[in-house]
Amino acid sequence: MARNAVTREAAHALVRQLISEKLKFLVPMTFVFMVSYIGLTALAGFARGFVATRVVGSLNLGFVLIAFNYLLSWGLAIVYGRIAVSRFDPLAAKAAAEALDRE
């Protein structure tokens, strides 16, 4: 029974470490996305003249910013996926193995 309690504590510590590692990346990534998304919405609502500025032909700054927002979303998702594979998944596997180790 004592070994089981030690194993659970180790697993809990690893889960806490996993959560803190995830927060180091998720909070800044979420902040960047929300600033770009809300900023684009605010620009579209309050700076219509600026957003309507023509860039090339009939392409205006609003369309360019929308495209950038899509690219930013995909970029953040790809970066998160790579970080998850290299950092989060090993920690999660270690925590799961520690929790299942009941011998």
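Among 60, 69, which is the only one that is open to solvent by less than 70 Å² (accessible area, probe 1.4 Å) and in contact with a Leu (Cβ under 9 Å, 6 or more places away or on another chain)? Outline the logic, then answer.
Values: 60 fails: in contact with a Leu (Cβ under 9 Å, 6 or more places away or on another chain).
Just a single option satisfies the conditions, and that option is 69.
Residue count for segment 10-24 satisfying the condition of being touching a helix residue (DSSP H, G or I) at 6+ places or on another chain (Cβ under 7 Å) and either open to solvent by 50 Å² or more (accessible area, probe 1.4 Å) or at pLDDT 95 or above (or both): 3.
Against the condition hydrophobic (A, V, I, L, M, F, W, C), under 19 Å from the mean Cα position of the chain (by Cα) and at pLDDT 95 or above, how does residue 76 come out, does it pass? Judged against the criteria, residue 76 is a match.
Would you check if there is a residue in segment 79-87 being open to solvent by less than 40 Å² (accessible area, probe 1.4 Å), under 29 Å from residue 16 (Cβ atoms) and hydrophobic (A, V, I, L, M, F, W, C)? Before you say what the answer is, go through the steps one by one.
Keep residues of segment 79-87 that are open to solvent by less than 40 Å² (accessible area, probe 1.4 Å), which gives 81, 83-84.
The next check asks that each one be under 29 Å from residue 16 (Cβ atoms); those that pass are 81, 83-84.
Now restrict to residues that are hydrophobic (A, V, I, L, M, F, W, C): 83-84.
Checked against the condition, which is being open to solvent by less than 40 Å² (accessible area, probe 1.4 Å), under 29 Å from residue 16 (Cβ atoms) and hydrophobic (A, V, I, L, M, F, W, C), segment 79-87 yields at least one hit.
For segment 48-103, which residues satisfy the criterion of being touching a residue at least 24 places away in the same chain (Cβ under 8 Å) and of a type in the set (Phe, Trp, Tyr)? Matches in segment 48-103: 68, 80, 88. With respect to the conditions (1) among the polar types (S, T, N, Q); (2) closer than 29 Å to residue 95 by Cβ; (3) at pLDDT below 95, residue 30 falls short on a single one, namely (3).
The values are calculated or read from the model by the stated rules, or taken from the named source; none is laboratory data. Given the structure is predicted, the values throughout are model-derived calculations rather than measurements. Note that we place each Cβ from the backbone using ideal geometry, even for glycine, and neighbour counts take in every protein chain shown. Accessible surface is based on the protein model in full, side chains and every heavy atom, while ligands, DNA and RNA are left aside. Shrake-Rupley method; radii C 1.70, N 1.55, O 1.52, S 1.80 Å.
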